[in-house]
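Participant: I have a structure I would like to understand better, so I am pasting it below and will then ask my questions one at a time.
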Amino acid sequence: MGNLKEIRTRIASVGSTQKITSAMKLVSAAKLRRAQMSIQSLRPYANKMNDILCNLSDSIEDASEFPLLEKRKEEKIVVVAITSNRGLCGAFNSSVIKDVTSIITKEYDAQDQDGNLEIVCIGKKGHEQLAKNYKIRAFNETLTDTPSFSEAAAIAESLMNDFLNKKIDKVVVVYNQFVNAATQKITQATFLPIQSLEAEDKCQSNYLFEPSKGELLNELIPKILKLQFYKMVIDSIASEHGARMTSMAKATDNASDILKELKLKYNNARQSAITTELLDIISGANALDG
């Protein structure tokens, strides 16, 4: 009967786990709906701003007037890693950490060896792992739980100021881009210097500008960079909830399969125990009759 008790304990344990994973799936689904609405409403605005910037930049002859476009020798590098504060979301965090490690090893190992590489960690999980091997420039754990444009803009502005003051030469952001509830695309984006000002669709020069295009560019570029940084954070948040919902759905299904196997095993063991007891009773009765 000891074996039966052990199986009953495992059935109860797996059942409790299934209830937890099922509840977490429902919570993540609710959070995903809100995050998905946020990123879907933000993208058209961000794309339109990029279109306007494209129209402006097309007619600019001297890009040297705009310091944030300046490409220089990559001596001081900052990598921004956007992860989550919690686990149980599949490969969501590990993919970012693995990708950050990979690009540092392949592209910025010399800067790392010279102490000219720093990491900005947004989210606890990335910080826990990356702080073991790399120099941490800044750490933020509130942005992924309570996304705020002003907070994201402050981080972006700090990076832009240091780039303008030539304290850093390049900023790369690694994050999960939201595709749909089941798909997240690990993405590397060069934040600074600005790589391209091309819109997704061909630019149509049908705008009238006041004041000059140069003045507008100097005003718009920082605003659009802050917006793009915030969009990356929102993308990551939606991806996190999608990854957690998918992961918890799989865990719930696995728990159901395990419960079926355990119940079958329990019934077989119980039947075997009853059969053994019956045989013992019959054998005892036969011995008395003899």
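The values are calculated or read from the model by the stated rules, or taken from the named source; none is laboratory data. Just so it is clear, the model here is predicted, and its values are computed rather than measured. Glycine also receives a Cβ, built like all others from the backbone with ideal geometry; neighbour counts cover every protein chain displayed. We work out accessible area using only protein heavy atoms, side chains counted, and drop any ligands, DNA or RNA first. Shrake-Rupley method; radii C 1.70, N 1.55, O 1.52, S 1.80 Å.
Participant: Just to verify a result, which residue in region 181-207, among those that are loosely packed, with under 11 Cβ neighbours inside 10 Å and either under 30 Å from residue 73 (Cβ atoms) or at pLDDT 70 or above (or both), is nearest to the chain's Cα centre (by Cα)?
Facilitator: 182
Participant: Select from region 231-261 the residues that are surrounded by 18 or more Cβ atoms within 10 Å (Cβ to Cβ) and closer than 18 Å to residue 14 by Cα and list them in ascending order.
Facilitator: Listed by number, the residues that qualify are 247, 248, 249, 251, 252, 255.
Participant: Scan region 110-144 for residues that are open to solvent by less than 50 Å² (accessible area, probe 1.4 Å) and in a loop (DSSP other than H, G, I, E, B) and report the count.
Facilitator: Within region 110-144, residues that are open to solvent by less than 50 Å² (accessible area, probe 1.4 Å) and in a loop (DSSP other than H, G, I, E, B) number 6.
Participant: Quick one: would you say residue 168 is touching a Lys or Arg at 6+ places or on another chain (Cβ under 8 Å) and buried (at least 20 other Cβ atoms within 10 Å of the Cβ)?
Facilitator: yes
Participant: Can you tell me which residue within region 262-290, out of those that are of a type in the set (A, V, I, L, M, F, W, C) and in contact with a helix residue (DSSP H, G or I) (Cβ under 7 Å, 6 or more places away or on another chain), is surrounded by the most Cβ atoms within 10 Å (Cβ to Cβ)?
Facilitator: Taking the candidates together, the pick is 262.
Participant: Something else about it: Could you please find all residues in region 12-37 being surrounded by fewer than 18 Cβ atoms within 10 Å (Cβ to Cβ) and under 16 Å from residue 238 (Cβ atoms)?
Facilitator: Those that are surrounded by fewer than 18 Cβ atoms within 10 Å (Cβ to Cβ) and under 16 Å from residue 238 (Cβ atoms): 27, 29, 30, 31, 33, 34, 37.
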